[in-house]
Each structure stands twice: as C-alpha cells, then as structure tokens.
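What follows is one structure encoded as structure tokens, with my remarks underneath.
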Amino acid sequence: MRLLVMASGNGTDFQSIIDGIKSGYINAEIAALISDKEGAYALKRAADNNIPSICIPKKKLKGSFYKELTKAVDEINPDGIVLAGFITILNEEIVNKYQNKIINIHPSLIPSFCGKGYYGINVHKAVIEYGVKYTGCTVHFVDAGADTGPIILQEVVKVEDNDTPETVADKVLKLEHRLLPYAVKLFAEGRLKVEGRKVIII
C-alpha cells in the first residue's frame, strides 16, 4: 500500500509511521510527504529517510493553495492519506475522492475539544481550563467537516491536578505515537470497515 503523509510541523507522528514501516509493523510504503509550511521539520525527516517531499506553502500561495494541493495529491495517486499533524482542513475534492481513505490524528477525545481552532497547544489549554479529568487522542477517518469523521481508535490519559497544557501535550503525544501507527497498520491490512458513523475492526 502506498501512503501519502501530510504534516505541518515537527513531524513526530510522521516519524512514528516511518519507524513502524521500517520495523515491519506496518505493511506499507510512504510514497511522499506533503507539508503546507516552509521549514517544517517533517520535511527534514522525509529527506533523512529518502522519502520524496513537496512543500506547498499555504501562506504564500493563498488563493491557489488548494488547486496546487489537489494537483500534487492527484500526481502522487496514493492508496491512502495520513494527516500526521496537518493543520489545514482538506478541500472537498480531495475528501470526496478519498472517502474513508484519509486518516487523521487529533489530540483530544472527539467530540470534545475539536473542530475549528482546536489544534496544537490550544487543545490542551482548553482541556486544563475546562477542568476535565481525562483527555487523550483520537484517530478518525476524514470527512467534509473538521474532526467530524468516523472514529477509528481512541486512547485515554488522566489529567492530574498539577498538569499544565505542556505536560498534557507530552502525555497525549506519547499516546499518539502508539495509536497512529496501529491505525495505519489496520488500514494497510484492510481491517477497517465503516458502517455509518461506526468503524469496525475486522
């Protein structure tokens, strides 16, 4: 299975997929990385692992960004797409073409603390401010909404009284590095069946 990974930042989730493939845990190959941010460390991770990469800078391209993104995805023509810390919401053309073939990782227990504006440290600040006792991460298929697609996997971590947004972020990131490769493994093995809003592992 040929995967396209998209990442906007440091790329630690991207690295977890690279490591999973190298170890034989995930039966797939990464065809390319796309980043929407110039200088993203994920691009260096791609270069270090001989993975082709494309930078499509959203800030510079503005109005033509989605046209260029769609063109790049079409040229790569992957079997599946993994959003590994990709901040941009995908356009409907890509989402519709790759229905139930795009996986995203989100650093909260959806449907809490998700949707527009909930990304990065913003999520964990909201978790602390609200006073929830548990948080975690969610892997889900992508649909036309923001963090609204069918949920594949979730994992939970306790929020302690002395936690800060930064300590919660560290806890959740450790979960992500385990959960995302597992979801990609299941996807690559054809073991995810979508029935309405439910994803059944077969």
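Does SER53 satisfy the criteria of being over 26 Å from GLN154 (Cα atoms) and either in contact with a Ser or Thr (Cβ under 6 Å, 6 or more places away or on another chain) or hydroxyl-bearing (Ser, Thr, Tyr) (or both)?
Details: over 26 Å from GLN154 (Cα atoms): yes; either in contact with a Ser or Thr (Cβ under 6 Å, 6 or more places away or on another chain) or hydroxyl-bearing (Ser, Thr, Tyr) (or both): yes.
The answer is yes for SER53.
Could you count how many residues in the range 156-183 are over 15 Å from ALA126 (Cα atoms), part of a helix (DSSP H, G or I) and touching a Gly at 6+ places or on another chain (Cβ under 7 Å)? Summing the residues that are over 15 Å from ALA126 (Cα atoms), part of a helix (DSSP H, G or I) and touching a Gly at 6+ places or on another chain (Cβ under 7 Å) in the range 156-183 gives 2.
Counting only strands (runs of 3 or more DSSP E) that sit completely within the range 1-119, those holding 2 or more residues that are in contact with an Asp or Glu (Cβ under 6 Å, 6 or more places away or on another chain) correspond to 102-106. Filtered by the rule that a residue be in contact with a helix residue (DSSP H, G or I) (Cβ under 9 Å, 6 or more places away or on another chain), touching a residue at least 40 places away in the same chain (Cβ under 8 Å) and of a type in the set (Val, Ile, Thr), the range 90-122 gives ILE102, ILE103, ILE105, ILE121.
Here is a yes/no grid of residues against (1) aromatic (Phe, Trp, Tyr); (2) surrounded by fewer than 17 Cβ atoms within 10 Å (Cβ to Cβ); (3) over 22 Å from GLU92 (Cβ atoms); (4) over 13 Å from the mean Cα position of the chain (by Cα):
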| site | (1), (2), (3), (4) |
| --- | --- |
| PHE141 | yes, no, no, no |
| ALA144 | no, yes, no, yes |
| GLY149 | no, no, no, no |
| LEU153 | no, no, yes, no |
| VAL156 | no, yes, yes, yes |
| VAL159 | no, no, yes, yes |
| HIS177 | no, no, yes, no |
| PRO181 | no, no, yes, no |
| ILE200 | no, yes, yes, yes |
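Rule-based calculations on the coordinates, nothing more; no lab input. Please read these numbers as outputs of a predicted model, since none were measured by experiment. As a convention, Cβ positions derive from the backbone with ideal geometry for all residues, glycine included, and neighbour counts pool all protein chains shown.
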